[in-house]
Amino acid sequence: MYKGHARAYTNIALIKYWGKADQELILPMNNSLSLTLDAFYTETSVTFSSEYTEDQFYLDQQLQDQKATAKVSRFLDLIRNKAQSQLFAKVDSQNFVPTAAGLASSASGLAALAGAASAALGLSLDERELSRLARRGSGSASRSVYGGFAEWQKGNSDETSYAVPIASDDFEADLSMVFVVVNDHQKDVSSRDGMQRTVETSAFYDGWLATVPQDLEKARAAIQGKDFQALGEVTEASALKMHGTTLAAVPPFTYWSAESMRVMNLVRQFRNEGLACYFTMDAGPNVKILVERKNEAALVAKLTEHFAADQLITAHAGPGIKIQTKEVEA
Ligand code: DP6
């Protein structure tokens, strides 16, 4: 029997994925563009065996409850179908995050699970197939197959919706992302529920969709031209627009807390003081700040005047998924 093992790094979208055209297949309404980071990753091992009588899912060494296991089982079913297997699995997953700050990501988790489980059943998927599979677990996971910059092309079917790497002549090596952890509690509205509510009810959603193609174009051009300011500006604009849509949802909601707004204002202030840096936010109150690596220390020094050291986590560009298969005793 084979054990599949994978390590996948999380990614942060610079141009956000926000909204699904198909809930079941996880086809997005718009393309998105991300940077894979080195600071947060998931390692997952999977074995399938005729000895097992049910799927078992361990996360950080803890056996998970039925609800969490059922989600993993549903995803494993996709892989079992592909491999024509009916074996149950043992899934052992570990999240590596620098602090217990609620930063574990579905992107790294589902990409690692896709990689490890497909390897354990002897499917040798290429990157595109792996991206499509990871997408079925969590949309953003489709981008974690690749290191550096990736764009998830929305497509219009299971076959045509996958991420691709973006050639960048190593521009990502010039960048840092500083996470400001303002809250370590469970988020109130999951990204899945939040984006669905927004698509279905927000009067601002059409405005979001209308400008994504231009924003993607700007981001791609900024990467090609190694233009940090242009990339930062469009990153911040994309996040603000995405978060704007939630205010017009019914019922309305926001992921911003008072602390998030304080960080956003500080970023604007730092820019006024001559330090080029730009923020982005996802489906929670933490703020991520994009800065050139040469200015990372200056940014962290400024942030340290306002936040405790353990609230600040610095990340750089990370690698793509790594998958290994080894034979183990049945
Ligand atoms: C705000 O990929 O977590 O982080 O596809 O429902 O699993 P599902 O959602 P998920 O959503 C990520 C949303 C986001 C923006 C982004 O990563 O592009």
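Restricting Asp55, Asp38 to those that are under 22 Å from Gln324 (Cβ atoms), among the acidic types (Asp, Glu), in contact with a strand residue (DSSP E or B) (Cβ under 6 Å, 6 or more places away or on another chain) and touching a residue at least 60 places away in the same chain (Cβ under 8 Å) reduces the list to Asp38.
When residues in the range 136-190 are screened for being in contact (Cβ under 8 Å) with a residue 24 or more places away in the chain and on the phi > 0 side of the Ramachandran plot, 3 of them pass. Checking each residue in the range 280-330 for being surrounded by 18 or more Cβ atoms within 10 Å (Cβ to Cβ), among the charged types (D, E, K, R) and either free of Cβ contacts under 8 Å to residues at least 12 places away in the same chain or in a loop (DSSP other than H, G, I, E, B) (or both) picks out only Asp282. Among the residues of the range 15-24, are any among the basic types (Lys, Arg) and either in contact with a Cys (Cβ under 7 Å, 6 or more places away or on another chain) or closer than 19 Å to Glu236 by Cα (or both)? Yes, the range 15-24 has at least one match. Of everything listed in (1) away from the ligand (no atom under 16 Å from the Cβ); (2) over 25 Å from Ala317 (Cα atoms); (3) under 15 Å from the mean Cα position of the chain (by Cα), the single unmet condition for Phe57 is (3). Counting just the residues of the range 1-34 that are in a strand (DSSP E or B) and hydroxyl-bearing (Ser, Thr, Tyr), which one comes out nearest to the ligand (Cβ to nearest atom)? By that ranking, first place goes to Ser32. Note on the range 198-237: residues that are touching an Asp or Glu at 6+ places or on another chain (Cβ under 6 Å) and within 20 Å of Gly155 (Cβ to Cβ) amount to 0.
Any read-out appearing in this document is the output of simple, stated calculations on the displayed coordinates, not a laboratory observation. Please read these numbers as outputs of a predicted model, since none were measured by experiment. Counting neighbours? That spans all protein chains shown, and the Cβs are built from the backbone with ideal geometry, glycine included.
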